[in-house]
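Read the structure below first, then the notes.
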Amino acid sequence: MNQALLLVDIQNDYFPGGAMELVGSIEAGIQAGKLLQIFRTKHQPIIHIQHVTTRQGVNIFLPNTKGVLIHESVSPLQGETVFQKHYPNSFRETPLLEHLRQHQITQLVIAGMMTHMCIDTTTRAAADLGFQCMLAHDACATISLSFGNITVPAEHVHTAFLAALNGIFAKVLSVKEISAAL
């Protein structure tokens with residue numbers, strides 16, 4: 001089984017001082033960095049996904065800003081694959097699927113941001129496309145959400161989305177558990 005690490009949207013705008021700081025972004029970045037080091041040591045494929053905004057009126061991931069850059073906790077090395085996307089789904093209008101098939105990748109280890117948006121969408125798409133997915137729950141982060149008069153704390157948003165993904169779309173594990181399985 002050929003594995004690849006898929007790091008989704010771990011970008012400066014999600015960290016302190018960025019346009020949309022996520023709850024737990026620093027901790028998630030550190031954990032994603034641990035996975036990155038393991039894949040580098042084992043010389044396994046690594047794919048960085050970078051969201052670049054193309055929609056008018058959006059103030060996050062703007063081209064040519066510090067916020068759009070991949071965070072230093074997981075900075076790509078020369079030769080590591082980086083794909084840019086413009087939608088939550090990392091497969092939509094990107095070369096990701098073709099790249100994975102070309103390299104005969106069948107399993108993805110996924111980490112990144114935001115749990116309820118790009119991680120959820122990308123993980124579901126990957127599973128629908130036939131990939132086996134392991135999702136590192138402690139290498140992901142999100143924000144609180146509101147609907148009507150109810151605000152759902154980020155911790156609950158994170159947990160609810162992970163619970164929905166676990167078992168059907170991915171094995172949701174800690175970085176430590178994934179590391180032991182690699």
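The values are calculated or read from the model by the stated rules, or taken from the named source; none is laboratory data. Just so you know, these numbers come straight off a predicted model, no measurement behind them. Heads up, the Cβs are rebuilt from the backbone with ideal geometry, glycines too, and the neighbour counts pull from every protein chain shown.
Under the condition of being under 15 Å from Ile70 (Cα atoms) and among the polar types (S, T, N, Q), which residue from region 1-26 is surrounded by the fewest Cβ atoms within 10 Å (Cβ to Cβ)? Applying the filter and picking the extreme gives Asn12. Contact map, region 109-129: residues that are under 17 Å from Met20 (Cβ atoms) paired with residues that are of a type in the set (Gly, Ala, Ser) and surrounded by 24 or more Cβ atoms within 10 Å (Cβ to Cβ), Cβ distance under 6 Å, separation 6+ or inter-chain. Pairs shown: Met113/Ala141; Ile119/Gly112.
Answer yes or no as to whether Gly29 is at pLDDT 95 or above, crowded, with 21+ Cβ neighbours inside 10 Å and either in contact with a His (Cβ under 6 Å, 6 or more places away or on another chain) or part of a loop (DSSP other than H, G, I, E, B) (or both). It is true that Gly29 is at pLDDT 95 or above, crowded, with 21+ Cβ neighbours inside 10 Å and either in contact with a His (Cβ under 6 Å, 6 or more places away or on another chain) or part of a loop (DSSP other than H, G, I, E, B) (or both).
How many residues are touching a Ser or Thr at 6+ places or on another chain (Cβ under 9 Å) and either small (Gly, Ala, Ser) or exposed (fewer than 15 other Cβ atoms within 10 Å of the Cβ) (or both) if we restrict to region 161-182? Selection size over region 161-182: 1. Scanning region 32-44 for residues that are closer than 12 Å to Leu108 by Cβ and buried (at least 18 other Cβ atoms within 10 Å of the Cβ) yields Leu35, Phe39. Ile47 meets each of the listed conditions (1) more than 25 Å from Asn2 (Cβ to Cβ); (2) buried (at least 16 other Cβ atoms within 10 Å of the Cβ) apart from (1). Identify all residues within region 86-135 that are under 18 Å from Leu165 (Cβ atoms), of a type in the set (S, T, N, Q) and in a helix (DSSP H, G or I); write none if there are none. Those that are under 18 Å from Leu165 (Cβ atoms), of a type in the set (S, T, N, Q) and in a helix (DSSP H, G or I): Thr115, Thr121, Thr122, Thr123.
If you check Ile105, Ile150, Ile70, Ile60 for being within 17 Å of Leu22 (Cα to Cα) and out of contact with any Asp or Glu (no Cβ under 7 Å at 6 or more places or on another chain), only one passes: Ile70. A count restricted to region 51-86 and to residues that are among the hydroxyl-bearing types (Ser, Thr, Tyr) and surrounded by fewer than 15 Cβ atoms within 10 Å (Cβ to Cβ) stands at 2. Condition check for Asp138 on (1) assigned to a loop (DSSP other than H, G, I, E, B); (2) surrounded by 14 or more Cβ atoms within 10 Å (Cβ to Cβ); (3) among the acidic types (Asp, Glu): one failure, at (1). If you go through region 48-99 and keep only what is touching a His at 6+ places or on another chain (Cβ under 7 Å) and modelled with pLDDT under 95, you end up with just Thr54. All told, Gln44 falls short of being in a loop (DSSP other than H, G, I, E, B), at pLDDT below 95 and farther than 26 Å from Val157 by Cβ.
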